[in-house]
1. Got a sec? Which helices (runs of 4 or more DSSP H) wholly within the stretch 1-120 have at least 2 residues that are more than 38 Å from the chain's Cα centre (by Cα)?
2. Going by what's in this entry, would residue 410 be described as crowded, with 16+ Cβ neighbours inside 10 Å, in a loop (DSSP other than H, G, I, E, B) and in the same structural domain as residue 474 (by TED's automatic domain parsing)?
3. When the stretch 812-843 is examined, which residues are found to be touching a residue at least 60 places away in the same chain (Cβ under 8 Å) and under 24 Å from residue 758 (Cα atoms)?
4. When you scan the stretch 611-665 for helices (runs of 4 or more DSSP H) that lie fully inside it, which ones turn up with 3 or more residues that are assigned by TED's automatic domain parsing to the domain that holds residue 380 and in contact with a strand residue (DSSP E or B) (Cβ under 7 Å, 6 or more places away or on another chain)?
5. Which of the numbered conditions does residue 885 fail, given that it passes all the others? Conditions: (1) touching a helix residue (DSSP H, G or I) at 6+ places or on another chain (Cβ under 9 Å); (2) exposed (fewer than 15 other Cβ atoms within 10 Å of the Cβ); (3) in a helix (DSSP H, G or I).
6. Please list, ordered by residue number, the helices (runs of 4 or more DSSP H) wholly in the stretch 178-293 having 3 or more residues that are not assigned by TED's automatic domain parsing to the domain that holds residue 505.
7. Out of the stretch 150-202, which residues are more than 30 Å from residue 564 (Cα to Cα) and in contact with a strand residue (DSSP E or B) (Cβ under 8 Å, 6 or more places away or on another chain)?
8. For the stretch 235-258, which positions are surrounded by 14 or more Cβ atoms within 10 Å (Cβ to Cβ) and either in contact with a strand residue (DSSP E or B) (Cβ under 6 Å, 6 or more places away or on another chain) or more than 19 Å from residue 216 (Cβ to Cβ) (or both)?
C-alpha cells in the first residue's frame, strides 16, 4: 500500500521546485510528522526539511495574531460584558458562564464563515422579536430577553477590538483575520510555493485563503478523494470537495482530474456486533493476539468513542511490544483527580460542619495514605463507632497529631468561599503528596499526574490574578472543570513504530493497511444531532453555516477515507440497547452492505462472550473438632433464643455469626435503623418501669412517665445512636415516632388500669440462664436471654416480649409442634416467648399456668398478642394458657434442635430462602 502522503511527495519530486523550498500545510501536526517520515524514506541524500504548518499554525502566521484558548476568551468576554452592562443589570460570573460558552462558540462559527456579524445578529434579534410580537403587554422578563439579543453585535465588536489591540484572537477571529490579510501575505511571499494536502471540509475563511493562493499561482491543493465517491453525487464523503471543484473560479479554468482509484480494490471488510463497550475492548485484544510484529506495524486502531482508551490499554495482549498513542490520557481519569473533586465537594457545601462521607473520602484517599497513616483509619473507626454524621473542623483536627495539623487545615479548615485561598491550599496539598511519593521511591506516573495538576493550578492562579472575576468557589470549580476537560497526559512513544492507536480526527491524511474502528454506532459515528448554539437551524441554513448534516458529512469522509487504501478492515459496534451511544449500528455499516463493491469481501457477524453455566448449589459446611469445641463453649455460655431462631432461619447464618464470630462491619448509621429504634424503646421502658419491680402499676406512674418521654427518648438516642442533636430529615421523624410509640403504649397501659386490671410489675429486662438436660450430650447445655417484662395481671403471670415491628396474632399461635423448629416465619415469635417462659419457670419457680405474648408497637390496638395453641390451622378453639404439657412439648423440640446443632455428623446446611 502506498499512502496518500507518499503519492503526493513522489509527484512533487518530479517537479522543478525542490521539496526543501516548499511550505506544506496539513490538517494536523501529526500528519506533518508522517510527511517528514515519508520524505526521509524517499530521499537518498541529505536535504533540509521543508516548512510544515498545521492549518491553525498557518492562519496564525498569516493573521499575525496569537491564539488564546477558550478559557481566556471567556475572561476577556466578561471584561467586555462588564464594560457594556449597567451595574444594576450585571450578572455574576457564574451566571454569565451559563450562556457565554455557547455565544463564544457562535462567534467562532460566524468568524470562520466570514459572516457580517452586525447584520447577522440584528437578523437574529428580529427573529426573537417576532416570536414575541403577539404579547400585547410585554413583561420585564421579555423586554430584558429581547434587549440581550439587541446587545449581541456590540458584545462581538468590542470583544474583537479588545483582542486586536492585544494582537490576540480566538480561533474563529484568527481565521477571519487571515482571510482578510491573505492577499497582502501572498504579495509579500510571492516567491514561496505552498502545498495543501489532506483537506476536506473547509470553512469560508479557509476557502478564501486556498483560493487566493491558487489564483496567485502560489499553491497546489491535493485532494484525497476517490473517484467512486466523487462521481456519486449523493455520497456525503465527497460533499465538500464536489462543491469546491464546481464553485471555485480556479477549477473552472484549471479542471481537476482525480486519479485515485483505491476504494474499488480488493478489501476484506468484517462488520462485527459485540455487546457492551468493554466487549469491544476484549474482542479487539483477541484480534491483535494473532498478529505478527510486522502486521502490527501496519495496523491502526481508530476509536469512534475515545472513552474506550483505558479499557483497550488494559486489554492489550502481550505480543503488542510497541504502541503509539496519539490521543492523550485524560487528566480527569487520573486517580488523584477524585481527591480534588472531593475537596471541592466538601467546601462548596454550605454549613458549619462537614458530612462524614465527604470527610472520609478525603482522609481515606489512596493519594494521602502515606501522609495520614495510621491516624486516618483510627479516625474512620471512631466516626463509625460514635455514629457521627456531621463533623466540625475542630473535631477532625483533634484526631491528628501536631505534625499533621497544618496539612489537615489545608484540607478541612474553611476556605471562606475564597478562590485564592483554595488554589493556595491545592498547591500545598500537591507538594505534600509529591514529597510523600518521593519518600516511598515509587509512583513515577503519580508524579507525572501531580506535575500536570501543579501546572493546572498555576494556570488558575494566573487567570485569577489577571482577571479578578473568580470570586467564589463555585466559579473556581467551573473553571477547574473547564480546564480539566481539555487537559491530557501525552504518552511517550515512537510515532512510526508499532501499533497505532488514535481518535477519528487524528487519522486525517494518514493511511494504514489494517484498520480497526470501534464504536461504529449511530450517535457516535456519525455523532448525530447536537445543538450548543443560540442560532436556530433555519438561520444557519440561510447563512450557509454548518448544521448537523455537514458535520455528518465530515465523519463520512473520514470514515471512508480510512477504508480507501486499507486491505483489511474490521468494524466493531455495540449491540446492546441499554446505556448511551449503544444499540443501533451506524448508517455507515448499512451503506457498506448496500453499496458493496465487487472486489470487497464483506463478512457480517456478531460475537458474544462465553457465559459458563453457574450451578447455584446450597452450601454445606461439615463440623470440625474445633467447631464442636466452639459449640460446647456456646452451650456452656448459653444459647440465646435469637441464636436458636437464626439457626432455624438458616443454619449458615448461625455458623457465620455464632461459630465463626463474623460480625457486620461497623458503619455510620445515617438514618436510624429498626434495631436502633427498638433499643431506644426498650431502654426507655426499662428506665420507666425498673423502679416499679414488685409494685402495682398506678395511673400516677403513667402520668409521670408521660412527662418524661421527651427527655428520656433524647437521652436514649444520645446513648444508642449519636451525640449530635436529631433535628432534621428522616431521623427527626423517627425521633418523633419513638415518642409516639411510647405515648401510645402508655395509653394502652392506662386503658388497662381503667378497665380494672390489677397489674403488678414482677421483672423488667431480667437476665436469665437455665440449664437444659439433654441426655444424648455429654456436656452441659444452657439457654440464656433477657426477658423484657414479667407482670402479674389479676393473679395470672405473664411473660411479655416487646417488638417495635408489626406482629399479627396468627404469628404467635401453634398447631403442630414439629414445625416450631423448622418454620421460622410462622413460629419464631412463639419459639422465643416459650424460651423466656421456660427460663422463668426453671429459675424463678413461678406458678403454672401462665401466659406469654408479644406487644407489637405497630399493632398496639390489638393489645397483648397472647401465645395460643390451636386445634386446627383454621378455626377451632384456642388455649392461651402455658402449662406443664406446653413446656414438655416445647422442651422436647428444643432438645431435638440443640442436639442437631451439636451433632458432629450433621453439617451446617444452607437453607433456600
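The values are calculated or read from the model by the stated rules, or taken from the named source; none is laboratory data. As the structure is a computational prediction, the values presented were derived from the model and not from experiment. All Cβ positions, even for glycine, are placed from backbone atoms using ideal geometry, and neighbour counts span all protein chains on display.
1. Numbers: elements: 4-13, 29-42, 55-63, 70-84, 93-112.
Those helices (runs of 4 or more DSSP H) span 4-13, 29-42, 55-63, 70-84.
2. Numbers: crowded, with 16+ Cβ neighbours inside 10 Å: yes; in a loop (DSSP other than H, G, I, E, B): no; in the same structural domain as residue 474 (by TED's automatic domain parsing): yes.
Against the criterion (crowded, with 16+ Cβ neighbours inside 10 Å, in a loop (DSSP other than H, G, I, E, B) and in the same structural domain as residue 474 (by TED's automatic domain parsing)), residue 410 does not qualify.
3. If the condition is that a residue be touching a residue at least 60 places away in the same chain (Cβ under 8 Å) and under 24 Å from residue 758 (Cα atoms), then 836, 840 are the ones that fit.
4. Values: elements: 625-637, 641-649, 651-654.
Result: empty, no element qualifies.
5. Of everything listed in (1) touching a helix residue (DSSP H, G or I) at 6+ places or on another chain (Cβ under 9 Å); (2) exposed (fewer than 15 other Cβ atoms within 10 Å of the Cβ); (3) in a helix (DSSP H, G or I), residue 885 misses just condition (1).
6. Working: elements: 204-215, 227-230, 239-247, 249-253, 277-289.
Passing ranges, in order: 204-215, 227-230, 239-247, 249-253.
7. Our first condition is that a residue be more than 30 Å from residue 564 (Cα to Cα); within the stretch 150-202, this holds for 150-192.
163, 167, 168, 169, 170, 171, 174, 177, 192, listed by residue number.
8. Filtering the stretch 235-258 for residues surrounded by 14 or more Cβ atoms within 10 Å (Cβ to Cβ) gives 235-242, 244-245, 248, 250-251, 256, 258.
Those that are surrounded by 14 or more Cβ atoms within 10 Å (Cβ to Cβ) and either in contact with a strand residue (DSSP E or B) (Cβ under 6 Å, 6 or more places away or on another chain) or more than 19 Å from residue 216 (Cβ to Cβ) (or both): 235, 236, 237, 238, 239, 240, 241, 242, 245, 258.
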